[in-house]
Structures are given as C-alpha cells and as structure tokens.
C-alpha cells in the first residue's frame, strides 16, 4: 500500500487525533499535579478524565497499528514454516482482525446508544458515557475497514513460492 493511499492517510489522521488526546491528557495531568502540590487546588475528576481520554486515544491508535502491521505476532510455531504457509496464515489473520474490529465497532456502537438512552455518566464529573463509546466506535470501524482491505489485498496477491 503506497503512502498516499486514502486508508493510510486516514490511519495517520486517527493516530494524530490519538496523539493530540494524549498531549492534552499530559497537560491536564501536569496542571493537576502542580495545582495539587503547589497551590492546594486539585483538578476535580482528573482520574476520570484520564481513563476516558486513554480509552479513546488507544482506540484511535488502532488503525495505524493495523495498517503498519504493528500487532504482536508470535512466530514460535511458524518460524520454520514456508513463506507460502505464513502468507496463508497472514491472510486468515487479516480477515479475523476485520471481523473482530467489526464486532468491537458494532458492540461499542450499541453500548453508546444504550448509554445515551440510560443517560449513563461518570461518577464525579457526570461526563456522558455515550460520548466515550461513540468516540471509540469510529476508529474501530476504520480499523475493520483497513484489516478487510488488507485481507482482500493478500487474497489477490500471488502466494510466495514454497521453499
């Protein structure tokens, strides 16, 4: 996949969004720690905001992880196998990742709708839970599309010669 492919640009955009969220989280944490230790004025709900922001940021890093094939691969059992065998396993793995992230997107989307209907909120701040879940659904859909595209791309690619 070339550098200007729309899915690659979308994955990079998602990672930038995740990075901006993490930088904002870092600044908020610094503000809270400095305020608490030097001015005896804490930021109320900083732990809740940390949990919320980390959840959303991790979800936004998933598309770039998938497109760069940055997932952990345990090749203990496949290291001695042929390139053809590993290619077939990679095709299956890409298809499974697409299915898994579609399921994650579907369930977080359903949970977002239910949380909005039930008016679920965080404990201290009253932050609506549905916003967090909806924020995670979008990058999960993007990751599923990327994994599906990669699976199709591998199925269309020539298999390496058996060694």
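The values are calculated or read from the model by the stated rules, or taken from the named source; none is laboratory data. Worth saying up front: this structure is predicted, and the values here are computed from it rather than measured. Here the Cβ is made from the backbone with ideal geometry for all residues, glycine too, and neighbour counts use every protein chain on show.
A compact table of results
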read-out	value
Every pair of residues 6+ apart whose Cβ atoms lie under 7 Å, when the first sits in region 30-46 and is more than 21 Å from residue 122 (Cα to Cα) while the second is assigned to a helix (DSSP H, G or I) and at pLDDT 85 or above	41/35
Selection status of residue 100, within 14 Å of the chain's Cα centre (by Cα), closer than 21 Å to residue 15 by Cα and buried (at least 16 other Cβ atoms within 10 Å of the Cβ)	no
Flag if residue 48 is over 14 Å from the mean Cα position of the chain (by Cα), modelled with pLDDT of 85 or more, surrounded by 15 or more Cβ atoms within 10 Å (Cβ to Cβ) and part of a helix (DSSP H, G or I)	yes
Unmet criterion (only one of (1) out of contact with any helix residue (DSSP H, G or I) (no Cβ under 7 Å at 6 or more places or on another chain); (2) outside any helix (DSSP H, G or I); (3) within 30 Å of residue 155 (Cβ to Cβ)) for residue 103	(2)
Count of residues meeting criterion [in contact with a strand residue (DSSP E or B) (Cβ under 7 Å, 6 or more places away or on another chain) and either buried (at least 18 other Cβ atoms within 10 Å of the Cβ) or in a helix (DSSP H, G or I) (or both)] in region 117-154	1
So residue 77, is it surrounded by fewer than 17 Cβ atoms within 10 Å (Cβ to Cβ) and either farther than 22 Å from residue 156 by Cα or more than 20 Å from the chain's Cα centre (by Cα) (or both)	yes
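Matching residues to (1) part of a helix (DSSP H, G or I); (2) at positive phi; (3) surrounded by 13 or more Cβ atoms within 10 Å (Cβ to Cβ); (4) touching a helix residue (DSSP H, G or I) at 6+ places or on another chain (Cβ under 8 Å):
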{"residue": "23", "(1), (2), (3), (4)": "yes, no, no, no"}
{"residue": "28", "(1), (2), (3), (4)": "yes, no, yes, yes"}
{"residue": "41", "(1), (2), (3), (4)": "no, no, no, yes"}
{"residue": "56", "(1), (2), (3), (4)": "yes, no, yes, yes"}
